[in-house]
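In what follows, a structure is listed as structure tokens, so that the remarks can point back to it.
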Amino acid sequence: MAEIQVIGAGLAGSEAAWQLAQRGHRVQLFEMRPGTLTPAHQTGRAAEMVCSNSFKSDDPNSATGILKAEMRRMDSLILRCAEATRVPAGNSLAVDRDAFSEAVTAALTAHPHISIRAAVVAEPDLSKPTLVATGPLTADPLAEWLARVTGSERLHFYDAIAPIVERDSIAMDIAWKAARYDKGGADFINCPLNQDDYNRFLDALLAAEMAPLHDFDTPYFEACLPIEVMAQRGRETLRHGPMKPIGLDDPRTGRWPYAVVQLRQDTLAGDHFNLVGFQTRMKWGAQKEVLRLIPGLEQAEFVRFGSIHRNTYVLAPKVLDATLAVKGVPNLWIAGQLSGVEGYLESAAGGLASARFLDETLRTGSARSFPRETMLGALLHYLANASLKDFGPTNAMIGLLPELPEGEVDTRTAKRAGGRAGVKAAKGAAHRARALAALETHIALEGHPA
Ligand SMILES: Cc1cc2nc3c(=O)[nH]c(=O)nc-3n(C[C@H](O)[C@H](O)[C@H](O)COP(=O)(O)OP(=O)(O)OC[C@H]3O[C@@H](n4cnc5c(N)ncnc54)[C@H](O)[C@@H]3O)c2cc1C
């Protein structure tokens, strides 16, 4: 079997290395941490989660639920380790980030076909099959090399991370535990704000001192905006975004508060909670002051402050085909966030897919793309075929899947039974059934020439 280089032991590279090794290939896995850290990573462990600790919704019929089912079917290491280290988080799959990355590191280290090399790779040797999975914070020399060999400019934008506080420092006589509309367990801590609290908080946020940005032309990614940017867009924006109170009855009043800040458990021991959607570029001192204006967080002790970092990805529709191979450059594949997907789960899924593409190419001379009816196939199809003009990283979304055939879902019956949510669930279930059937067919043909 071939010797393959995988560069980057993040969510994508770890999954890819393990999948390739399971298929009998010898893998050299290059990782620059802990010797050289990125601005967001803090450890030398594989698959470190740099911000939230969530792999998103576990609802089986949601886009991420379907993607998880596909990954599970293909024996994803990342998903297995996530499920083994999960912490309560309503109907999402959230993990103890340390236990999770320790489990991934242990699996990689123990695998007889994987050797982990500590190095900052600047120019990979393309005489060997090479997968680059160096993520949104790819070290500069490699990013420059990639721009050169792909003949493309790099794109940057800013991504933000949310603060984490100690559980014991949250005033639970003010905050309460519940999930929105009581869906899943009562796993979130909710801090209620009345109108005065909200206005005071907003005024302080808008006046707070911000850390400097270095690349002035770099835009933010719309799905991960810092709270201060949202606040600048209008006084109601946060109340309709991360501070929305709907479905959260305050037990002290029996009503939804004017606004709510939600915190989600971050470690298995339950002693750290992150502020959901509260990415921020405020200076650390300002974060302490402003966030302590939130009722219940007056005495909050911060384990980690929020911050903003650059994100890097290739212009996938120009650079990649639907099997993540770099067009016109033999032996080179790109996976994970660098390929233009967004999120831990999507990056791990991309890593998994890239390993199968590499393996199939090495065995049969070419690789088949995943069926578009699968969530993974739809995501990769989007990368290869999106409009170049407004291309931006994408999450798994039902909207990426091809329409269901007419009459596939009895919308009238579903609506009668469950209203709009009922129709959504029925459509999700139909998409899931179709995706998993298509995946089975795809897997059954493995080993056959494309
Ligand atoms: C600040 C920030 C916050 C984020 N918050 C979230 C979030 O809350 N939820 C979410 O789902 N996603 C979030 N993301 C996106 C998240 O990073 C990715 O979804 C995911 O980690 C990407 O996986 P990856 O494997 O592509 O990259 P990574 O997990 O970043 O792994 C890349 C690895 O490559 C290594 N590396 C880089 N350059 C080199 C080199 N030249 N040589 C050797 N090794 C190298 C890095 O050290 C790293 O270990 C965030 C990203 C950033 C930057």
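The values are calculated or read from the model by the stated rules, or taken from the named source; none is laboratory data. Here the structure is a predicted model, which is why all the values come from computation and not from measurement. When we count neighbours, we look across all protein chains shown, and the Cβ atoms used for this are built from the backbone with ideal geometry, even at glycine.
Things worth noting here:
- For the range 333-381, the set of residues classified as touching a Pro at 6+ places or on another chain (Cβ under 7 Å) and polar (S, T, N, Q) consists of GLN337, THR364, listed by residue number.
- Entirely in the range 250-324, the strands (runs of 3 or more DSSP E) that have 1 or more residues that are under 18 Å from the mean Cα position of the chain (by Cα): 259-265, 272-275, 307-313
- Candidates ALA63, ALA69: the one that is more than 14 Å from the ligand (Cβ to nearest atom), aliphatic (A, V, I, L, M) and assigned by TED's automatic domain parsing to the domain that holds GLY35 is ALA69.
- Single residue of the range 380-395 satisfying the filter (buried (at least 18 other Cβ atoms within 10 Å of the Cβ) and modelled with pLDDT of 90 or more) that is farthest from ASN311 (Cα to Cα): HIS381
- Residue list for the range 11-45, filter: within 23 Å of ARG264 (Cβ to Cβ) and in contact with a helix residue (DSSP H, G or I) (Cβ under 6 Å, 6 or more places away or on another chain): LEU11, ARG45
- Of residues in the range 98-115 being surrounded by fewer than 16 Cβ atoms within 10 Å (Cβ to Cβ) and assigned to a helix (DSSP H, G or I), the one farthest from the chain's Cα centre (by Cα): ALA110
- Selection of first residues in the range 89-106 that are at positive phi and of second residues that are assigned to a helix (DSSP H, G or I), restricted to Cβ pairs under 8 Å at least 6 apart or on distinct chains, gives the following pairs, ordered by first then second residue: GLY90/ARG180.
- Across the range 120-147, the qualifying residues are those that are surrounded by fewer than 16 Cβ atoms within 10 Å (Cβ to Cβ) and at pLDDT 90 or above, and the one among them that is nearest to THR38 (Cα to Cα) is PRO141.
- Against the conditions (1) farther than 23 Å from PRO163 by Cβ; (2) near the ligand (Cβ under 10 Å from one of its atoms), CYS81 satisfies every one except (2).
- All of (1) farther than 30 Å from ALA84 by Cα; (2) at pLDDT 95 or above hold for ALA211 with one exception: (2).
- Qualifying positions in the range 7-41 - within 7 Å of the ligand (Cβ to nearest atom) and of a type in the set (S, T, N, Q): THR38
- Any hit, the range 196-204, residues being touching an Asp or Glu at 6+ places or on another chain (Cβ under 9 Å) and in the same structural domain as LEU238 (by TED's automatic domain parsing): yes
- Tally, over the range 312-348, of residues that are within 16 Å of the ligand (Cβ to nearest atom) and not aliphatic (A, V, I, L, M): 12
- Test: residue in the range 54-69 that is basic (Lys, Arg), under 21 Å from ASP125 (Cα atoms) and either in contact with a His (Cβ under 9 Å, 6 or more places away or on another chain) or surrounded by 19 or more Cβ atoms within 10 Å (Cβ to Cβ) (or both): no
- Options GLY365, GLY296: the member that is more than 12 Å from the ligand (Cβ to nearest atom), in the same structural domain as LEU29 (by TED's automatic domain parsing) and either touching a helix residue (DSSP H, G or I) at 6+ places or on another chain (Cβ under 9 Å) or not basic (Lys, Arg) (or both): GLY365
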